[in-house]
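Note sheet for the following structure.
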């Protein structure tokens, strides 16, 4: 069976899409090749890295990419994980199908946090919601030509 190639899209490719890519690789790497990208990338969020590390998933080596960086890759599935990415890119060029599942934005939720621990509570909640989504996501593996 051929692995399904999935791209997770968000605006900044700094947090939610990075978490989704990390979870997909960690939980379902035997059946998917996972990528992430953004419509306006601005670097990997350190609190997202920390929250994922607490759950045993290392995303520290992932990089923030623009969706144009992946234009030469064909995808079986594109998943928009924020409303702005869904509005900007409701259909991802080169993807067989696109779905939308919006998650809250941890950096926005954490703006009023007084401590890193308080901020991390938001990251942890969204991290766990993304994990649940990735675990339940329908995978359509294809037969290979061999």
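The values are calculated or read from the model by the stated rules, or taken from the named source; none is laboratory data. The structure presented is a predicted model; accordingly, all values stated were derived computationally and were not measured. For neighbour counting, all protein chains shown are included, and Cβ atoms are generated from backbone atoms with ideal geometry for every residue, glycine included.
Residues of the range 29-49 that are part of a loop (DSSP other than H, G, I, E, B), farther than 27 Å from residue 117 by Cβ and in contact (Cβ under 8 Å) with a residue 40 or more places away in the chain: 31, 39. Residues in the range 42-58 that are within 18 Å of residue 6 (Cβ to Cβ) and buried (at least 21 other Cβ atoms within 10 Å of the Cβ): 52 alone. Among the numbered criteria (1) closer than 20 Å to residue 132 by Cα; (2) surrounded by fewer than 20 Cβ atoms within 10 Å (Cβ to Cβ), which one does residue 8 miss? Tallying (1) closer than 20 Å to residue 132 by Cα; (2) surrounded by fewer than 20 Cβ atoms within 10 Å (Cβ to Cβ), residue 8 fails exactly one: (2). Within 16 Å of residue 126 (Cα to Cα) and crowded, with 20+ Cβ neighbours inside 10 Å: is that true of residue 18 in this structure? Spelling it out, residue 18 is indeed within 16 Å of residue 126 (Cα to Cα) and crowded, with 20+ Cβ neighbours inside 10 Å. Does residue 26 count as farther than 18 Å from residue 120 by Cβ and assigned to a helix (DSSP H, G or I)? So residue 26 passes the test.
Checked against the criterion of being modelled with pLDDT of 95 or more and in contact with a strand residue (DSSP E or B) (Cβ under 9 Å, 6 or more places away or on another chain), the candidates 133, 92 yield just one match: 133. Within the range 95-126, can you find the residues that are in contact (Cβ under 8 Å) with a residue 60 or more places away in the chain, in a helix (DSSP H, G or I) and surrounded by 15 or more Cβ atoms within 10 Å (Cβ to Cβ)? Of everything in the range 95-126, those that are in contact (Cβ under 8 Å) with a residue 60 or more places away in the chain, in a helix (DSSP H, G or I) and surrounded by 15 or more Cβ atoms within 10 Å (Cβ to Cβ) turn out to be 106, 107, 110, 119, 120, 123, 124, 126.
Among the numbered conditions (1) part of a loop (DSSP other than H, G, I, E, B); (2) within 17 Å of residue 129 (Cβ to Cβ), the only one that residue 13 does not meet is (2). Selection of the range 68-87 for residues being surrounded by 13 or more Cβ atoms within 10 Å (Cβ to Cβ) and in a loop (DSSP other than H, G, I, E, B) yields 73, 81, 82.
Of the residues making up the range 50-67, those that are assigned to a helix (DSSP H, G or I) and touching a residue at least 24 places away in the same chain (Cβ under 8 Å) are 50, 51, 52, 54, 67.
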